[in-house]
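**Q** Have a look at this one before I ask anything.
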Amino acid sequence: MENRPRGAASARFSVLGPLGMQCDGEDRTPSAPKVRQILALLVLRANQVVSTDALLQELWGDEPPSTALATLHTYIYHLRRLLRRNGLSADGADVVITRAPGYLLKVEPHQVDLTRFRELCLSGREHLDAGRHTEAVADLESALGLWTAQPLVNINLGPRLSAHVAELEENWLCAVKLHVEARMRRGLHHEVIGELRSLTAQYPLDEWLHAQLIRALDLSGRRGDALRAYQGLRAALTRDLGLDPSPEVQRLHQQVLAAGA
């Protein structure tokens with residue numbers, strides 16, 4: 001970070017679980033709920049401007065009180081003071097920067113767990129596409145290991161943060177699927193069965209996950225369990241959506257049947 005005060009490099013911000021701000025390994029997360037909301041939005045959009053309007057909507061919805069703008073300025077002051085007290089900034093304003101039309105949290109990429117997660121997922125996908133399955137598994141395991149709980153579990157979510165959390169949960173599921181695919185390509189079919197059973201219970205209408213479970217069971221010599229997994233998916237789709245499995249999953253079912261003929 002340019003013009004960073006001594007010690008600021010030790011700051012770490014986390015959103016892949018409880019919102020956290022650590023300084024030299026010590027928890028320095030704000031205790032005030034609305035200051036936490038502001039910090040969460042700034043961390044999620046690190047090094048990008050978060051508009052005043054977005055912050056006001058997050059804190060008070062579509063009907064902010066007449067004092068909302070003045071109160072927001074007070075919360076920003078408290079956040080900057082916390083940064084200053086912990087040696088992360090000369091006055092707080094060089095980390096939480098005022099920049100039209102709002103504020104920007106100035107950090108290095110390695111200081112935010114979400115940034116690292118995205119870097120590892122990108123690297124894992126590139127390794128997978130290049131056929132480097134061992135490297136893909138390693139990077140994706142590291143990415144998923146950054147998650148400690150549901151994102152922002154210690155925040156009272158307003159509309160903006162709720163949308164961000166939904167996006168993060170989709171990002172997590174995408175990384176999980178890449179991790180499953182990388183291990184399947186390495187031939188680790190036995191290893192993924194338990195995880196896939198849990199995931200298909202959590203996402204009963206996700207055909208990709210069910211297809212991987214069917215493949216993993218079949219490749220592990222458990223053809224009967226693979227056929228039962230297909231029937232379970234078919235029943236769930238019919239019951240909840242009035243649909244049959246996709247043609248791809250039906251072809252997979254036929255392959256399992258043909259292999260046992």
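**Q** Looking at ALA149, ALA258, ALA236, which is the one that is touching a helix residue (DSSP H, G or I) at 6+ places or on another chain (Cβ under 9 Å) and of a type outside the set (Val, Ile, Thr)?
**A** The conditions single out ALA236.
Residues checked against (1) buried (at least 19 other Cβ atoms within 10 Å of the Cβ); (2) modelled with pLDDT under 95:
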{"residue": "ASP94", "(1), (2)": "yes, yes"}
{"residue": "PHE117", "(1), (2)": "yes, no"}
{"residue": "SER123", "(1), (2)": "no, no"}
{"residue": "GLU126", "(1), (2)": "no, no"}
{"residue": "HIS133", "(1), (2)": "no, no"}
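**Q** Sticking with this structure for a sec: Of all residues in region 65-111, which are of a type outside the set (D, E, K, R), more than 13 Å from MET21 (Cβ to Cβ) and outside any helix (DSSP H, G or I)?
**A** If the condition is that a residue be of a type outside the set (D, E, K, R), more than 13 Å from MET21 (Cβ to Cβ) and outside any helix (DSSP H, G or I), then PRO65, SER66, THR67, ALA90, ALA93, ILE97, THR98, ALA100, PRO101, GLY102, TYR103, LEU104 are the ones that fit.
**Q** When you scan region 52-67, do you find a residue that is in contact with a helix residue (DSSP H, G or I) (Cβ under 9 Å, 6 or more places away or on another chain), among the hydroxyl-bearing types (Ser, Thr, Tyr) and more than 18 Å from ASN156 (Cα to Cα), even just one?
**A** Yes, there is a match, as at least one residue in region 52-67 is in contact with a helix residue (DSSP H, G or I) (Cβ under 9 Å, 6 or more places away or on another chain), among the hydroxyl-bearing types (Ser, Thr, Tyr) and more than 18 Å from ASN156 (Cα to Cα).
**Q** So, in region 15-33, of the ones that are among the hydrophobic types (A, V, I, L, M, F, W, C) and assigned to a loop (DSSP other than H, G, I, E, B), which residue ends up farthest from PRO151 (Cα to Cα)?
**A** ALA32
**Q** Name, by its number, the condition in (1) at pLDDT 95 or above; (2) closer than 30 Å to PRO64 by Cβ; (3) crowded, with 16+ Cβ neighbours inside 10 Å that does not hold for VAL107.
**A** (1)
**Q** Let me ask another. Among the residues that make up region 177-188, is at least one of them more than 30 Å from GLY221 (Cβ to Cβ), not acidic (Asp, Glu) and not in a helix (DSSP H, G or I)?
**A** No, region 177-188 contains no residue that is more than 30 Å from GLY221 (Cβ to Cβ), not acidic (Asp, Glu) and not in a helix (DSSP H, G or I).
**Q** Does ARG80 fit the bill of being surrounded by 13 or more Cβ atoms within 10 Å (Cβ to Cβ), among the basic types (Lys, Arg) and touching a residue at least 40 places away in the same chain (Cβ under 8 Å)?
**A** Criteria not met by ARG80.
**Q** All but one of (1) in contact (Cβ under 8 Å) with a residue 12 or more places away in the chain; (2) closer than 30 Å to GLY232 by Cα hold for GLU170; which doesn't?
**A** All conditions pass for GLU170, except number (1).
**Q** So, in region 212-222, of the ones that are farther than 21 Å from GLY131 by Cα and in a helix (DSSP H, G or I), which residue ends up nearest to the chain's Cα centre (by Cα)?
**A** LEU213
Condition check ((1) surrounded by fewer than 14 Cβ atoms within 10 Å (Cβ to Cβ); (2) touching a Leu at 6+ places or on another chain (Cβ under 7 Å)) across all residues:
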{"residue": "LEU157", "(1), (2)": "no, no"}
{"residue": "HIS164", "(1), (2)": "no, yes"}
{"residue": "TRP172", "(1), (2)": "no, no"}
{"residue": "HIS179", "(1), (2)": "no, yes"}
{"residue": "ALA182", "(1), (2)": "no, yes"}
{"residue": "ILE193", "(1), (2)": "no, yes"}
{"residue": "SER198", "(1), (2)": "yes, no"}
{"residue": "ASP206", "(1), (2)": "no, no"}
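**Q** Sort through LEU199, LEU168, LEU161, LEU144 and tell me the only one that's within 26 Å of ASP225 (Cβ to Cβ), in a helix (DSSP H, G or I) and not assigned by TED's automatic domain parsing to the domain that holds LEU252. Break it down into steps so the answer makes sense when it comes.
**A** On the way: LEU199 fails: not assigned by TED's automatic domain parsing to the domain that holds LEU252; LEU168 fails: within 26 Å of ASP225 (Cβ to Cβ); LEU161 fails: within 26 Å of ASP225 (Cβ to Cβ).
Just a single option satisfies the conditions, and that option is LEU144.
**Q** Looking at region 114-128, can you tell me whether even one residue there is closer than 21 Å to VAL35 by Cβ and touching a residue at least 24 places away in the same chain (Cβ under 8 Å)? Show your work before the answer.
**A** First, pick out the residues of region 114-128 that are closer than 21 Å to VAL35 by Cβ: 114.
From what's left, touching a residue at least 24 places away in the same chain (Cβ under 8 Å): 114.
Scanning region 114-128, I find at least one residue that is closer than 21 Å to VAL35 by Cβ and touching a residue at least 24 places away in the same chain (Cβ under 8 Å), so the answer is yes.
The values are calculated or read from the model by the stated rules, or taken from the named source; none is laboratory data. No experiment lies behind these values; they were computed from the predicted model shown. All Cβ positions, even for glycine, are placed from backbone atoms using ideal geometry, and neighbour counts span all protein chains on display.
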